[in-house]
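A quick write-up on the structure given underneath.
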Amino acid sequence: MLRQRAFVLNQSVINMKNKIAIIGGGNLGTAIAQGLVKSKMTKAADVIITRRNLAKIDHLKKEGFQLMPGNAEAVKNSSLIILCVQPKQLAGLLAEISSVLSTKHILVSTITGITTEEIASHLQKKVPLVRAMPNTAIAIGQSMTCLCAKDASEKQLTEVKDLFDGLGKTLIVEERLMKASTVLAASGVAFFMRYVRAATQGGIQMGFDSEEAQLIAAQTAKGAASLLLSRESHPEIEIDKVTTPEGCTIAGLNEMEHQGLSSALIKGIITSFEKINSIKK
């Protein structure tokens, strides 16, 4: 029932002109487009994707997406605009589309490190702004997306949240936490992939072939995360259910901690956070 209600709300976003424009058909933009269609939020024919070099995304035509080289034209024919370009491209892009933006549009930015205040400073009028930080798992409807907003009504923010809820989990946060969200959710995909790769290599050393080891590692990681989400429990509670006195699990965990597992993960996350804070626009 909740899923059905969210779908109705999502349609209120999409149906203003029945089009979504994704400005910047790179990895993230393409993932969002495919996720929207895979989750049945909209049809591929109602998603416009722009990119300077359309040849690089020509294959998306076969999936039914509309491809356009002109950003202003895409905006004029859409109601929900999702910005998926590099930070250095922002000023030029907003100069290009500002005149065709209106208060009837909802502008969603996925641009790393760019605040809603900075985006608003480039616009000729107040436009509802939502800043979103999804990750690439959005392509399969399993993203973790954090949101914040400026000049958007509660209803508009809720509508955007409902849209991203159809593509995974969402959380509305204060804007000051958006850089941290980038590290924990977006960069976090790479961090967890590295764990799966390491676990796969361990499995190969124990005798599994690479495909078997990766399947076991990936499904085990998925199961562990699902336990936390479905039970809303703490990781240590689930760990206690696996460890037994003098058992192999606690022996392995203790050795990992002796080698600095938790410390290395925390240091890596904080290093990424320090890096994103040091980036000059």
- Message: Let me spell it out: the conditions are (1) in contact with a Leu (Cβ under 7 Å, 6 or more places away or on another chain); (2) more than 20 Å from Phe192 (Cα to Cα), and Pro235 meets all of them except one. Which number is the exception?
- Response: (2)
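So how many residues does the stretch 61-82 have that are among the hydrophobic types (A, V, I, L, M, F, W, C) and part of a strand (DSSP E or B)?
5
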- Note on the structure: Counting only helices (runs of 4 or more DSSP H) entirely within the stretch 83-166, those with at least 3 residues that are at positive phi and open to solvent by less than 40 Å² (accessible area, probe 1.4 Å) are none
- Task: List every residue pair whose Cβ atoms lie under 6 Å apart, where the two residues are 6 or more positions apart in sequence or sit on different chains, the first residue falls within the stretch 55-82 and is over 21 Å from Leu93 (Cα atoms) and open to solvent by 30 Å² or more (accessible area, probe 1.4 Å), and the second residue, located anywhere, is assigned to a loop (DSSP other than H, G, I, E, B) and of a type outside the set (S, T, N, Q).
- Result: none
- Query: Which of the residues spanning the stretch 166-181 are in contact (Cβ under 8 Å) with a residue 12 or more places away in the chain and over 19 Å from Leu107 (Cβ atoms)?
  - Reply: Gly166, Gly168, Lys169, Leu171, Glu174, Leu177, Lys179, Ala180
- Item | Filtered residue count, the stretch 42-60, keeping only those that are under 23 Å from the mean Cα position of the chain (by Cα) and not in a helix (DSSP H, G or I) | 8
- Item | Qualifying helices (runs of 4 or more DSSP H) (wholly inside the stretch 176-281; at least 2 residues being surrounded by fewer than 15 Cβ atoms within 10 Å (Cβ to Cβ)) | 188-206, 210-231, 235-242, 248-258, 261-278
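The values are calculated or read from the model by the stated rules, or taken from the named source; none is laboratory data. Not measured: the values here are computed from a predicted model. Heads up, the Cβs are rebuilt from the backbone with ideal geometry, glycines too, and the neighbour counts pull from every protein chain shown. For the accessible areas, the whole protein counts, side chains as well, though only heavy atoms, and no ligand, DNA or RNA atoms are used. Shrake-Rupley method; radii C 1.70, N 1.55, O 1.52, S 1.80 Å.
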